[in-house]
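Report on the structure given below.
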Amino acid sequence: MDNILKTHKILKKDFLNKDDLVFLLATTGESFQALLDKAAEIKKHYVGNIVYYRGLIEYSNICSKNCFYCGIRGGNKKLDRYQMTDDEVIEAVVFAYKNNYSSIVLQGGERNDKSFINKITSLLQKINKATDNSLGITLSLGEQTEETFRIWKENGARRYLLRIEASNRDLYRKMHPDNKKHDFDTRLESLYTLKKLEYQTGTGVMIGLPFQTLEHLAQDLVFFRDFDIDMAGMGPYIEHEDTPLYHYKDLLLPRKERFELSLKMLALLRIILKDINIAATTAMQAIDPVGREKALKAGANVIMPNLTPVKYREGYLLYEDKPCTDEEAEHCLNCLESSIRMAGDDIGYGKWGDSKHYFNRINKSK
Ligand code: SAH
Ligand code: SF4
């Protein structure tokens, strides 16, 4: 069958199986465009053409883990390590509050020591106090125990982002050291715990990893559907010179192709999980200057403007060519607003923009 005919036929189905997903991940030209159009239609229908902001605060680059792909892995000795002061965090949070962002994400390296856990708890209290409990707070601080997740939730965190990175166990193993601290099952377990504790639960993968196939990516999409995620953050893998995975850089797809593959993943995710929140991630913009806008057109509905103080940005280079490392929050803001409008969306100022899927899911189970 002609490719475009087959594409249309698959896109009309109610349920896409793994083979359908692999086929659509391989589309080019007219078929690729048909896929993007379908995702845009579903986005409009299910979540509307509204983009929600989450002010991103890259709290600290101190990390006890050693993921092979990540520029801030503990083993990278070339890096100066930092942790924002409470005042700096509050300043960023108040900026978000005053500019009507209504949500923030506190992200950083993973630490499981008591002093870190207590620090985050007290920060959550301070953030809520400074903003009249009015911000939707997302945490992205790696794997933690159930008790820690519970305490953070009790202190005001509503959402948690923990990417599975690669839902295929063997591929996951290749991307991480083979030890207890980097155990696939522990990561999975953490995701289930977050869901049990009724966090809005977000996950995602890197796209274009060495050794990754279209089958792996289709498996990731099936994993998201089976897990019934509320939110997703996915983007292209971008090599970083000071990491072990850099060794395999010759195996990578050209960046443009990695970017297109990421757009296809976003579009497919919107098609199969219609009402979730999907972020147009910074890594999309690192490859293509209008990458985030293209991601919005492919189905994303969340953007995370960076509120990290500029002096720390060089310290939080997870990958090469990360954009906006020398711009203060306000500068990014103006261009962002007009480019979002150019992509055909409005900004949901002053709205939490919670995952619709979360409420649909919770109501169904009651
Ligand atoms: N430490 C936490 C959160 C910070 S890292 C955690 O790991 O969950 C946030 C995300 O950055 C990771 O989930 C990973 O998917 C992404 N990341 C790390 N290195 C990357 C790279 N080289 N290219 C693209 N994304 C990367
Ligand atoms: Fe640490 Fe997260 Fe980077 Fe892994 S991906 S090294 S846990 S910051």
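Tell me which strands (runs of 3 or more DSSP E) are completely within segment 17-123 and hold 2 or more residues being under 27 Å from residue 207 (Cβ atoms), touching an Asp or Glu at 6+ places or on another chain (Cβ under 8 Å) and within 13 Å of ligand 1 (Cβ to nearest atom), or say none if there are none. Write out each step before concluding.
Working: elements: 50-53, 55-60, 103-108.
Correct list: 103-108.
Out of 77, 98, I need the residue that is without any contact (Cβ under 8 Å) to a residue 60 or more places away in the chain, loosely packed, with under 15 Cβ neighbours inside 10 Å and more than 16 Å from ligand 2 (Cβ to nearest atom). Which one?
On the way: 77 fails: more than 16 Å from ligand 2 (Cβ to nearest atom).
Answer to the selection: 98.
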Query - Among the residues listed as 117, 42, 10, the single one being within 25 Å of residue 273 (Cβ to Cβ), of a type in the set (A, V, I, L, M), free of Cβ contacts under 8 Å to residues at least 60 places away in the same chain and surrounded by fewer than 22 Cβ atoms within 10 Å (Cβ to Cβ) - result: 10
Report task. For residues that are of a type in the set (A, V, I, L, M) and over 22 Å from the mean Cα position of the chain (by Cα), scanning just segment 70-116, find the one that is farthest from residue 351 (Cα to Cα). Result -> 79
Query raised in the report: Within the set of pairs 6+ apart or on separate chains, which have a first residue in segment 313-341 that is within 15 Å of residue 51 (Cβ to Cβ), a second that is at pLDDT below 80, and C-beta atoms under 6 Å apart?
Result: 332/324
Query raised in the report: Which one of these does residue 331 not meet: (1) within 11 Å of ligand 1 (Cβ to nearest atom); (2) at pLDDT below 90?
Result: (1)
Query raised in the report: What is the number of the single condition among (1) within 15 Å of ligand 1 (Cβ to nearest atom); (2) within 30 Å of residue 295 (Cα to Cα); (3) assigned to a loop (DSSP other than H, G, I, E, B); (4) free of Cβ contacts under 8 Å to residues at least 60 places away in the same chain that residue 139 does not meet?
Result: (3)
Report task. Report whether or not residue 132 is more than 16 Å from ligand 1 (Cβ to nearest atom), closer than 28 Å to residue 239 by Cβ and either of a type in the set (Lys, Arg) or assigned to a loop (DSSP other than H, G, I, E, B) (or both). Result -> no
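Taking only segment 240-278 into account, find how many residues are under 18 Å from residue 38 (Cα atoms) and either within 13 Å of ligand 1 (Cβ to nearest atom) or not β-branched (Val, Ile, Thr) (or both).
Residues that pass the stated criteria total 15.
Please work out which residue is surrounded by the most Cβ atoms within 10 Å (Cβ to Cβ), limiting yourself to segment 246-267 and to residues that are acidic (Asp, Glu) and in contact (Cβ under 8 Å) with a residue 24 or more places away in the chain. Reasoning before the result, please.
As a first pass, look at segment 246-267 and keep what is acidic (Asp, Glu): 250, 257, 260.
Remaining after also requiring in contact (Cβ under 8 Å) with a residue 24 or more places away in the chain: 257, 260.
On the way: 257: 12, 260: 22.
The residue in question is 260.
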Report task. Could you grab me the full set of residues in segment 142-158 that are touching a helix residue (DSSP H, G or I) at 6+ places or on another chain (Cβ under 7 Å) and in a strand (DSSP E or B)? Result -> 157
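The values are calculated or read from the model by the stated rules, or taken from the named source; none is laboratory data. Just so it is clear, the model here is predicted, and its values are computed rather than measured. A quick note on method: Cβ atoms are made from the backbone with ideal geometry, for glycine too, and the neighbour counts reach across all protein chains shown.
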